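S.K.: Structure incoming, see below.
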Amino acid sequence: MSEVHINHVYKRFGDVTAVDDLSLLFKAGEFVSVLGPSGCGKTTLLRMLAGLETPSAGEISIGDKVVNDLPPGSRDIAMVFQTYALYPHMTVRGNIEYPLKKRRTPKAERAVKVKDAAELLQLEELLDRKPRQLSGGQQQRVALGRALVRDPAVFLLDEPLSNLDAKLRAHMRAELIQLHERIGKTMVYVTHDQLEAMTMSHRIAVLRFGVLQQFASPDEVYRKPANEFVAGFIGTPSMNFIAGEIDNSDGKLTFCGGGVALSVQAGLLPDGLIADGDKFLVKMGFRPEDIFIGDQGDDALVSVVEPTGHEVIVLIDLNGNEVVARVNPDVRLKAGDKVKLRFRPDKLHFFGTKEGIRLNV
Amino acid sequence: MSLKKKSRRVLFNLFAWSVIGLIAFPLIWMLVTSIKPQSELFLIPPTLLPSEITFEHYWRLIDETPFLTYMKNSIILALSTTAVVIVIATLGAHSLLRFSYPGRERLAQLVLFTYLLPSVVLIIPLYFLMIWIGLANSLISLVIAYTTFSLPYALWLLRSFMAAIPDDLESAALVDGATRMEAFIDVILPQALPGIISTALFTMILAWNEYLYALVLVNTDESRPLTTGVMSILITSFNIEWSLLMAASVMMSVPLIVAFVFLQKYLTRGFGAGAVKG
C-alpha cells in the first residue's frame, strides 16, 4: 500500500501534448478513477505510472521513491489492460504464475500464491485452460489474478470492464469494489464510463485534453462541478445549460436568458461578484432532476418522451432551448403537451462564459 | 442431389485431377526413371511402369560421385542461412515495429528497396568482395550471399506477421517484471512462431534451390552445394547421365518434402497472417 505522487508531469508526442502539467496525489489505499473522454490523456497517464511511457517533464513517485527511471518491473505496480493481454500460449496457471517466475519466486511458494489468487477469484477449475477457452468475464478475472498474485503496492486498471457486456460489467464492478475492500491497496482506475467512476471510487480525477479539470469525491464532482465541462460530462442525461446574463439591481440578482427570468437565491453566488447595477454574462446549468413539471412556471412544450421504466426522460422545448427533465413515471406526458416548468432554486449552477469556470459559492 | 449438381461436381473433380496430374507428372516421371534399369531408359514407346525396379543409380551416385559431400554442403548451407536470416529478421522486425527512433520508417522502406534490386546485378560485386575478404570458394560466402537477398523479404514478412501481435502483450510482460529481451522471448516469439516457421521454410527453399550464386562464388568440390555439384558431375557437353540425374533429383527433393509434410500447417497459417487472432 503506497501513495502515488504525480508532480507537474507532462507528456508530449511530437506537437501533441497528451498530459499537460498534471499534479495529483493518490492516498495510500485509495481507489481513484481517472475519468475523461477518449483522447484526454488518461491512458497515457496510466502508462507513465506503469513505466511504459516516460514523462517529458515532471516527477512520479510511488511510496517515497521517485520512479521516473525505474523499469516497469521494478515499480511494485501491477496493471490490468483493457484487452486483458493474457498470454495466449500459456494456461491460466502459466499466466498467473508469470510475474512470480520473473521475480524468481521459489516453485513451492509460487504454487501456494497461484492457488490463493485462483481461490479468491474463483478460477480453481480453469487453471489448466488456455485463455481462448474462457469467457470474457473469466479472462477478466485471470487478468486480475495475474495482477493480484504479486501483491503489488499499487494496482493500475485500464478500462478493465469496457469489453464486457452490460450485465457482467455491473457484476464485475461489485466484485472489484469487494476486492478493493479486502486487499486495501491503492488502485488507479482509468475509465471513460462515469457510472464506473461514480460507483467505485473514493475520488475522481476528471481530465480533458490532458489537463486536470477536477479532483474530488464523486459526490462533489456531481454536486459542485468545477467547470462547465465537468458539469456536462458527469451525469446521464447530462446537465442542461441556458446562456444568459445576471444583473444586479439593488443587491437583487436576476438571471435572464432563453426566455426565462428568475431570481437567483441569496448566497448561491459569492457577494460582490457583480457590482450593483452591473450585468454579467453566464451559463446557467441545472440537472434533469432539478426541474419540475407542474401547473406553475415557464411555458414549455414536450417534444419527446422516453420512458425507461423507473423514470421518464422528457425532452422539452423551452423557448427554443432543448431541456431534458427526469420525471416520475406516474406523470403521464406525451409529445406535443403544453407544460409549465419550474427550477429548483438552490440547485442552479452558474458558469462563466469564457472558460466555463464555476461561479457558485 | 440433382443431376445438374452431380455433373458439375464430376466436371470440377475432373478438372482438379487434370491440374494435379499436370503438375505431378514430371515428378512421377523423375521417380520412375530413377528406378528403371539403364536398358529401359530410351525404349520407344516409353514404359510408364518399369519392368524391373532397381536402385543401382542411387548406389552409383553415392559410391562413385561426391554426391554426399554436396548433400552435406547443401544441408549446412540451408540450415545456417535460415538460422542467420531468422535471428536477424525476427529481431529486426521487432525493432521496426516496437521501438521508436528517427528514420525507422525510412529504414523499413530502404530494406524493401534492396529487395527490388535483381539479385543478378549483385553477383559480380559480391564475387569481388568475397575474394577481397578471403572468403571466396567457401560455404560462408554463399551463406552471406543468400542472406543478403532473402533477408529483406524475411524482414517484411515477419514484420507484417508480428504487427498482428497486440502491443499490450509485451507491455504486460514488462509490467510483470520481464526485461525487454525476456518479453521478446517469452511472449512475442511464441506468438510469432507460425510466421517464423513459414519465413524459415521460404528461406530454406531458396538456399536449397539456389544455382547462380553457387555457380559463380564456389568452384571446388569440397564447397559445392547440390545444385551446381550435380550439374558439374552429371551434365557435360557430350553426355547427360539421365538415370543418375533423376536419382539425384529424387534425393534432392526428399528433404524439402519432409520439411513440408511436418510444417505444412504452419505454412498455411502463415499465408493467413493477420487474420489469425491470438
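None of the figures in this text is laboratory data; all of them are computed from the coordinates on show. What you see is a predicted model, and the numbers here were worked out from it, not measured in a lab. All Cβ positions, glycine included, derive from the backbone under ideal geometry; neighbour counts span all protein chains shown.
S.K.: For n ≥ 4 DSSP H runs only, could you compute -39500 (n - 2.57) per run for chain A, divide by its residues and tell me the 222 nm figure to the nearest 500?
M.R.: Details: 8 runs with 84 residues, N = 361.
Using -39500 (n - 2.57) per qualifying helix, the result is -7000 deg cm²/dmol.
S.K.: Taking the Cβ of each residue in A:Asp330, B:Asp176 as the centre, tally the other Cβ atoms inside 10 Å and list the residues starting with the fewest.
M.R.: A:Asp330, B:Asp176
S.K.: Cβ under 10 Å from A:Ala57's Cβ, A:Ala57 left aside: what net charge do those residues give with Lys, Arg +1 and Asp, Glu -1?
M.R.: 0
S.K.: Taking the alpha-carbon centroid of each part, what is the distance from the stretch A:37-111 to the stretch B:170-199 in angstrom?
M.R.: Here the answer is 16 Å between Cα centres.
S.K.: Using a cut-off of 12 Å between beta-carbons, work out the net charge of the residues near B:Gln38 (Lys and Arg +1, Asp and Glu -1, B:Gln38 not included).
M.R.: Values: positive: B:Lys36, B:Arg60; negative: B:Glu40, B:Glu52, B:Glu56, B:Glu241.
Residues near B:Gln38 contribute -2 overall.
S.K.: Using the Cβ atoms and a cut-off under 11 Å, what net charge is assigned to the surroundings of A:Arg287, where Lys and Arg are +1 and Asp and Glu are -1?
M.R.: So the surrounding residues net to +2.
S.K.: Report the calculated FRET efficiency for B:Val254 and B:Ser2 (r = Cβ-Cβ distance, R0 = 41 Å), to the nearest 0.05.
M.R.: Working from the Cβ atoms, E equals 0.35.
S.K.: In whole angstrom, note down how far apart the Cα centers of the stretch B:3-56 and the stretch B:113-154 are.
M.R.: After rounding, the separation between the Cα centres reads 39 Å.
S.K.: Please give the average number of partner chain Cβ atoms lying within 10 Å of the Cβ of each residue in A:65-73, rounded to a whole number.
M.R.: Mean shielding by partner chains, rounded to a whole number: 3.
S.K.: For n ≥ 4 DSSP H runs only, could you compute -39500 (n - 2.57) per run for chain B, divide by its residues and tell me the 222 nm figure to the nearest 500?
M.R.: Calculated mean residue ellipticity at 222 nm is -24000 deg cm²/dmol.
S.K.: Can you tell me the alpha carbon radius of gyration of the stretch A:241-352 divided by the globular rule-of-thumb value 2.2 N^0.38 Å?
M.R.: For the stretch A:241-352, the normalised Cα radius of gyration is 1.15.
S.K.: Tell me, B:Arg104, A:Arg169, A:Arg146 in order of fewest to most beta-carbon neighbours within 10 Å? If you can, show how the numbers build up before the last one.
M.R.: Details: B:Arg104 13, A:Arg169 19, A:Arg146 29.
With the fewest neighbours first, B:Arg104, A:Arg169, A:Arg146 line up as B:Arg104, A:Arg169, A:Arg146.
S.K.: Cross-link list A:Lys11/A:Lys279; A:Lys167/A:Lys340; A:Lys42/A:Lys130; A:Lys42/A:Lys354; B:Lys6/B:Lys265; A:Lys65/A:Lys185: which exceed 29 angstrom alpha carbon to alpha carbon? Please list the in-between numbers first.
M.R.: Values: A:Lys11/A:Lys279 41 Å; A:Lys167/A:Lys340 38 Å; A:Lys42/A:Lys130 31 Å; A:Lys42/A:Lys354 25 Å; B:Lys6/B:Lys265 31 Å; A:Lys65/A:Lys185 17 Å.
In this structure, A:Lys11/A:Lys279; A:Lys167/A:Lys340; A:Lys42/A:Lys130; B:Lys6/B:Lys265 lie more than 29 Å apart at Cα.
S.K.: Treating the stretch B:57-271 as a set of equal point scatterers at the Cα positions, no solvent, please give the Debye-formula log₁₀ I(q)/I(0) at q = 0.08, 0.13, 0.16 Å⁻¹.
M.R.: Log10 of I(q)/I(0), two decimals: -0.36, -0.83, -1.10.
S.K.: Taking each residue of A:160-166 in turn, how many C-beta atoms of other protein chains fall within 10 Å of its C-beta, and what is the average?
M.R.: Per residue, the average neighbour count from other chains is 0.
S.K.: Give me, ordered by chain and number, the residues 5 or more places off A:Val80 or on other chains with an amide H under 5 Å from its own placed amide H.
M.R.: The answer is A:Leu156, A:Leu157, A:Asp158.
S.K.: Which whole number in µm²/s is D for the protein assembly as shown by Stokes-Einstein, with the Kirkwood Rh taken over Cα pairs at 10 °C and 1.306 mPa s?
M.R.: The Stokes-Einstein estimate is 51 µm²/s.
S.K.: Any idea what the dipole of chain B comes to, in debye rounded to 20, about its Cα centre with Lys/Arg Cβ at +1 and Asp/Glu Cβ at -1?
M.R.: Taking the Cα centre of chain B as origin, the dipole is about 1280 debye.
S.K.: Separate question: Can you figure out the FRET efficiency of B:Ile44 with B:Ala24, using R₀ = 25 Å and their beta-carbon distance, to the nearest 0.05?
M.R.: Calculated value: 0.60.
S.K.: Please compute, for peptide A:74-80, the average count of beta-carbon atoms on other protein chains lying within 10 Å of each residue's beta-carbon.
M.R.: 2
S.K.: Using R₀ = 41 Å, calculate the FRET efficiency as 1/(1 + (r/R₀)^6) where r is the Cβ-Cβ separation of B:Leu129 and A:His8; round to 0.05.
M.R.: Here the calculated transfer efficiency is 0.15.
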